[in-house]
1. Does Glu88 meet the test of being open to solvent by 50 Å² or more (accessible area, probe 1.4 Å), in a loop (DSSP other than H, G, I, E, B) and either within 16 Å of the ligand (Cβ to nearest atom) or out of contact with any Phe, Trp or Tyr (no Cβ under 6 Å at 6 or more places or on another chain) (or both)?
2. What number of residues within the range 17-36 are within 14 Å of the chain's Cα centre (by Cα) and surrounded by fewer than 17 Cβ atoms within 10 Å (Cβ to Cβ)?
3. Would you call Leu114 within 16 Å of the ligand (Cβ to nearest atom) and modelled with pLDDT of 95 or more?
4. So which residues in the range 121-167 are open to solvent by 90 Å² or more (accessible area, probe 1.4 Å) and part of a strand (DSSP E or B)?
5. Any chance the range 2-9 includes a residue that's modelled with pLDDT under 95, more than 13 Å from the ligand (Cβ to nearest atom) and surrounded by fewer than 21 Cβ atoms within 10 Å (Cβ to Cβ)?
6. For Val54, which of the numbered conditions (1) open to solvent by less than 10 Å² (accessible area, probe 1.4 Å); (2) more than 14 Å from Leu126 (Cα to Cα) fails to hold?
7. Out of (1) buried (at least 20 other Cβ atoms within 10 Å of the Cβ); (2) touching a His at 6+ places or on another chain (Cβ under 6 Å), the odd one out for Ile74 is which?
8. Being closer than 28 Å to Thr27 by Cα, of a type in the set (A, V, I, L, M) and part of a strand (DSSP E or B): is that true of Val109 here?
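The values are calculated or read from the model by the stated rules, or taken from the named source; none is laboratory data. Because the structure is predicted, anything quoted here is derived from the model rather than measured. With ideal geometry, Cβ positions are generated from the backbone for all residues, glycine too; neighbour counts draw on all protein chains shown. With ligands, DNA and RNA removed, areas are computed over all heavy atoms of the protein, side chains included. Shrake-Rupley method; radii C 1.70, N 1.55, O 1.52, S 1.80 Å.
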Amino acid sequence: MSLLPILRFPDPRLKKIATRVERVDETMRRLARDMAETMYEAPGIGLAATQVDVHKRLIVIDASETRDQLLTLINPEILALDGLQVCEEGCLSVPGIYDKVGRAEHVVVRYLDLDEQEQTVEAWGLLAVCLQHEIDHLEGRVFVEHLSQLKQVRIKNKLAKQAKITA
Ligand code: ZN
């Protein structure tokens with residue numbers, strides 16, 4: 001297993017739209033394992049393949065407090081969205097930035113697991129937020145794009161300063 005480098009906003013590669021996974025093969029399974037390891041190490045509660053510069057529809061999530069409820073979702077599709085919740089979000093691609101985003105309260109998502117079996121997950125609260133956040137990444141959207149233009153400019157400036165300090 002290995003840790004994967006995570007793209008940082010506003011890297012233009014975060015805007016790429018991921019394509020469907022046609023076959024769940026060993027390469028895909030290895031990628032899923034490496035993504036999970038990278039997410040736990042960061043630490044984060046979700047990671048989309050887009051964030052590690054692989055533009056395939058694959059996400060890993062663990063929103064549990066015990067960090068032992070790993071979900072690997074291939075070709076996730078939102079079947080239902082309802083209600084509204086406002087939650088403070090962060091993102092491994094936007095380090096150090098947290099802000100409130102409005103999302104659906106309840107979601108139902110269909111996906112393929114690592115054995116290429118169709119599964120459905122129904123979620124509320126944090127897991128529902130996380131599913132929407134990660135599926136957004138596959139569509140080339142980062143959570144800060146839900147914020148005002150002014151906030152987005154401030155975030156870009158702040159991250160550019162951070163990059164200079166660490167460079
Ligand atoms: Zn994210």
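1. Values: open to solvent by 50 Å² or more (accessible area, probe 1.4 Å): yes; in a loop (DSSP other than H, G, I, E, B): no; either within 16 Å of the ligand (Cβ to nearest atom) or out of contact with any Phe, Trp or Tyr (no Cβ under 6 Å at 6 or more places or on another chain) (or both): yes.
Judged against the criteria, Glu88 is not a match.
2. 1
3. Working: within 16 Å of the ligand (Cβ to nearest atom): no; modelled with pLDDT of 95 or more: yes.
Criteria not met by Leu114.
4. Glu122, Trp124
5. yes
6. If we test Val54 against (1) open to solvent by less than 10 Å² (accessible area, probe 1.4 Å); (2) more than 14 Å from Leu126 (Cα to Cα), just (1) comes out false.
7. (2)
8. On the way: closer than 28 Å to Thr27 by Cα: yes; of a type in the set (A, V, I, L, M): yes; part of a strand (DSSP E or B): yes.
Yes: the conditions hold for Val109.
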